[in-house]
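All remarks here apply to the structure that follows.
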Amino acid sequence: MNETKSAAKSAALMNWILEQALSGVPPFAPASELVARIREKMPDATPKAQAERLVLRESVKNFSTGFVTGLGGPVTLPLAVPSALLSSWLLQARLAAAIALLHGHDLTDPRLRSLVLWALFGDTVKEVLKTGGVPLANRLTAKLAIQLPASVFMAVERKLGLVFLERTTRWGMNNLLKIVPVAGGAVAGTLDAVVLRRVGACALEYFGEPAAAPIPA
């Protein structure tokens, strides 16, 4: 598999994960439903407080990885990925998307959709931005991401695609499965909780400032 084809397959899988996070795939509700539920439970809370509670709530859950069978038939994914890892990525993307929606960000915007996926990669994003000469005084925000030069934005996309692809290789799977306890087809609790909280923190950094023109979630 040459690098161009690998990058294309990696991008396709990342986009598939984002689409499922936004639209929902059994047994996982869509990101918008998470937003509706937390707003119902905390109607008077700020978006930040709602988001923080959502991160806490999502990080203590355990989910079945059998969700692929709920798609209504065979699913052809661009890369072979263990269902435990795939569902973990989906949950991370769903949480990041929900936090963006809580703060009124429009996820039909291609760059904001990409930023949801960037939240899955933590400090890797900032490393690429610094390499590209982008000064980050304190944090990366949606406003800054939208204003990035196209060349820098694409550089981050390429780097994250390579990192994501590495995680889907046999070497990556073997090493991840050594530290991710997969038992009974369920996503591991402890490590998954840590990862979800990290993704939630990144999403709050990116999307924590309300959008200029909030939209309904």
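The values are calculated or read from the model by the stated rules, or taken from the named source; none is laboratory data. Remember, it's a predicted structure, so these values are computed and weren't measured experimentally. For neighbour counting, all protein chains shown are included, and Cβ atoms are generated from backbone atoms with ideal geometry for every residue, glycine included.
Note on the stretch 88-128: residues that are free of Cβ contacts under 8 Å to residues at least 40 places away in the same chain, surrounded by fewer than 19 Cβ atoms within 10 Å (Cβ to Cβ) and of a type outside the set (Asp, Glu) total 4. Applying a threshold of 7 Å to beta carbon distances and a minimum spacing of six or more residues, or different chains, the list of pairs starting in the stretch 196-217 at a residue that is more than 23 Å from Ser23 (Cβ to Cβ) and ending at one that is modelled with pLDDT under 90 and surrounded by fewer than 18 Cβ atoms within 10 Å (Cβ to Cβ) reads Arg198/Gly122; Glu205/Arg139; Glu209/Thr141; Glu209/Lys143. Number of residues in the stretch 36-63 that are part of a loop (DSSP other than H, G, I, E, B) and either under 10 Å from Leu102 (Cα atoms) or free of Cβ contacts under 8 Å to residues at least 60 places away in the same chain (or both) equals 6.
Could you list, in sequence order, all residues of the stretch 127-163 that are part of a helix (DSSP H, G or I), within 24 Å of Glu209 (Cα to Cα) and of a type in the set (Val, Ile, Thr)? Those that are part of a helix (DSSP H, G or I), within 24 Å of Glu209 (Cα to Cα) and of a type in the set (Val, Ile, Thr): Val128, Ile146, Val152, Val156. Tallying residues that are under 17 Å from Leu91 (Cβ atoms), surrounded by fewer than 17 Cβ atoms within 10 Å (Cβ to Cβ) and over 12 Å from the mean Cα position of the chain (by Cα) within the stretch 192-211 yields 1.
Inside the stretch 7-54, can you point out the residues that are farther than 17 Å from Val199 by Cα and charged (D, E, K, R)? Of everything in the stretch 7-54, those that are farther than 17 Å from Val199 by Cα and charged (D, E, K, R) turn out to be Lys9, Glu19, Glu33, Arg37, Arg39, Glu40, Lys41, Asp44.
I'm trying to understand the selection: among the residues of the stretch 96-126, which are outside any helix (DSSP H, G or I) and among the hydroxyl-bearing types (Ser, Thr, Tyr)?
Looking only at the stretch 96-126, we keep the residues that are outside any helix (DSSP H, G or I), and these are 103-109, 119-122.
Of everything in the stretch 96-126, just one residue is outside any helix (DSSP H, G or I) and among the hydroxyl-bearing types (Ser, Thr, Tyr), namely Thr108.
The selection criterion, being within 17 Å of the chain's Cα centre (by Cα), basic (Lys, Arg) and under 19 Å from Arg197 (Cβ atoms), holds for Arg57.
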